[in-house]
Amino acid sequence: MPDTISKPMRHAILGAGGVGGLMGACLAHAGASVTLVVRREAVAQYPRQLRLESPFGNFEVDVAVAAEVPPVDVLWITVKATQLEPALAALKNPDGVRAIVPLLNGIDHVSLLRARYGSNHVIPGTIAVETERVSPGHIVHRSPFARLNVLSAGRALLAGTLEQLQQIGFGCRFIDDEPTLMWSKLVFLAPFALTTSAADKTVGEILSDPQWRSLGEACVREACAVGVAEGAKVDPEAVLSGVSAMPANMRSSMQKDVEQRKTPELDAIAGPILRGARRHGIEVPVTKQLVAGVEERAGYRESRLA
């Protein structure tokens with residue numbers, strides 16, 4: 001009689017921070033095999049359990065820890081965009097990975113990964129969530145939602161995984177159109193990240209301040225104009241409605257990076273809008289103003305996005 005018991009999916013997480021820790025904890029909780037890929041010098045001391053505090057539930061799960069990406073079905077790349085290049089040194093054997101799903105902020109990383117590992121190997125995805133690694137192995141998921149979108153090319157491999165994540169509490173969708181997939185997040189994220197970081201305010205404080213709210217709304221419209229020119233189906237009114245519904249105490253990861261004197265993901269988040277605007281002859285003065293404000297708060301002596 002043939003063996004009808006399916007083996008659990010094997011996942012590796014490259015970037016065991018807030019997003020990677022949340023993904024790893026939830027995948028392991030759903031019964032998958034999960035390996036966290038961390039720096040070689042951290043492997044010996046890194047916890048073999050992930051502890052998650054989340055609106056989806058509080059739990060601890062067992063995981064493996066390694067310095068290199070092992071053979072897996074899915075490699076989720078969840079590092080900061082500023083850390084991508086050094087992190088990829090851990091991917092020694094890309095042929096041992098069935099699919100690479102990057103969940104980085106921005107857009108440009110997709111073409112970089114495809115050039116290196118092949119178009120059929122890379123399945124773009126996006127995630128919208130506020131989550132933080134408060135210590136190694138301890139993840140706090142702060143937003144009441146976690147929205148994961150993946151290009152439909154990954155449906156055959158990932159349909160079961162996304163269904164498991166939905167049962168835990170994620171909102172998951174497959175998106176047919178890649179520009180729409182990638183820009184739908186960016187037109188939401190960039191105004192949120194830039195305004196909260198330039199002002200050092202929560203989203204609720206931004207929305208209650210007429211001046212900052214006006215800047216944020218203008219930034220949404222500029223980002224959407226560029227996104228449409230790039231072939232995406234994005235609607236500024238829908239984005240603004242989504243921003244208004246966000247929890248008032250939400251802060252952006254860029255805001256936290258600036259606060260902690262870490263390098264903010266300005267090029268990944270604002271760069272595609274500024275570069276796309278130049279390509280299409282679109283004026284984006286508010287986006288430029290907000291970028292300058294973030295750079296000032298981050299202590300840059302000259303613009304990194306000139």
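Quick check on Ala66: is it aliphatic (A, V, I, L, M), at pLDDT 95 or above and under 20 Å from Val43 (Cβ atoms)? Judged against the criteria, Ala66 is a match. Can you pull out the residues in region 113-141 that are under 16 Å from the mean Cα position of the chain (by Cα), over 19 Å from Phe188 (Cα atoms) and open to solvent by 30 Å² or more (accessible area, probe 1.4 Å)? Once the filter is applied, which keeps residues that are under 16 Å from the mean Cα position of the chain (by Cα), over 19 Å from Phe188 (Cα atoms) and open to solvent by 30 Å² or more (accessible area, probe 1.4 Å), region 113-141 yields Glu132, Arg133.
For (1) under 16 Å from Val79 (Cα atoms); (2) of a type in the set (Asp, Glu); (3) not in a helix (DSSP H, G or I), each residue gets a yes or a no:
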{"residue": "Arg98", "(1), (2), (3)": "no, no, yes"}
{"residue": "Val101", "(1), (2), (3)": "yes, no, yes"}
{"residue": "Leu112", "(1), (2), (3)": "yes, no, no"}
{"residue": "Arg116", "(1), (2), (3)": "no, no, no"}
{"residue": "Ile127", "(1), (2), (3)": "yes, no, yes"}
{"residue": "Arg133", "(1), (2), (3)": "yes, no, yes"}
{"residue": "Val140", "(1), (2), (3)": "no, no, yes"}
{"residue": "Gly160", "(1), (2), (3)": "no, no, no"}
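Checked against (1) open to solvent by 20 Å² or more (accessible area, probe 1.4 Å); (2) in contact with a Lys or Arg (Cβ under 7 Å, 6 or more places away or on another chain); (3) assigned to a strand (DSSP E or B), Asp73 passes all but condition (1).
Among the conditions (1) closer than 29 Å to Val140 by Cβ; (2) open to solvent by 30 Å² or more (accessible area, probe 1.4 Å); (3) in a loop (DSSP other than H, G, I, E, B), the only one that Pro264 does not satisfy is (2).
Got a number for residues in region 283-306 being surrounded by fewer than 17 Cβ atoms within 10 Å (Cβ to Cβ) and either on the phi > 0 side of the Ramachandran plot or in a loop (DSSP other than H, G, I, E, B) (or both)? Residues meeting the conditions: 8. Scanning region 205-219 turns up no residue that is of a type in the set (A, V, I, L, M), closer than 23 Å to Ser143 by Cβ and under 20 Å from the mean Cα position of the chain (by Cα). Considering region 142-158, the residues that are in contact (Cβ under 8 Å) with a residue 40 or more places away in the chain and part of a helix (DSSP H, G or I) include one that is most open to solvent (accessible area, probe 1.4 Å), namely Leu157.
Taking the residues in region 27-44 that are in contact (Cβ under 8 Å) with a residue 40 or more places away in the chain and surrounded by fewer than 16 Cβ atoms within 10 Å (Cβ to Cβ) as candidates, determine which candidate is farthest from Arg142 (Cα to Cα). Within region 27-44, the match that is farthest from Arg142 (Cα to Cα) is Ala42. Restricted to region 9-46, and to residues there that are assigned to a loop (DSSP other than H, G, I, E, B) and among the aliphatic types (A, V, I, L, M), the residue that is farthest from the chain's Cα centre (by Cα) is Ala44. Taking residues in region 107-122 that are at positive phi, and partners anywhere that are open to solvent by less than 40 Å² (accessible area, probe 1.4 Å) and part of a helix (DSSP H, G or I), the pairs with Cβ atoms closer than 9 Å and at least 6 places apart or on different chains are Gly118/Pro94. Taking the criterion of being within 21 Å of Pro144 (Cβ to Cβ) and surrounded by 19 or more Cβ atoms within 10 Å (Cβ to Cβ), the only residue of region 225-239 that qualifies is Val239. Restricting Ile13, Ile5 to residues that are closer than 26 Å to Gln166 by Cα and modelled with pLDDT of 95 or more narrows the list to Ile13.
The values are calculated or read from the model by the stated rules, or taken from the named source; none is laboratory data. From a predicted model like this one, the values you see are computed outputs, not experimental measurements. With ideal geometry, Cβ positions are generated from the backbone for all residues, glycine too; neighbour counts draw on all protein chains shown. Note: areas computed on protein heavy atoms with side chains; ligands, DNA, RNA excluded. Shrake-Rupley method; radii C 1.70, N 1.55, O 1.52, S 1.80 Å.
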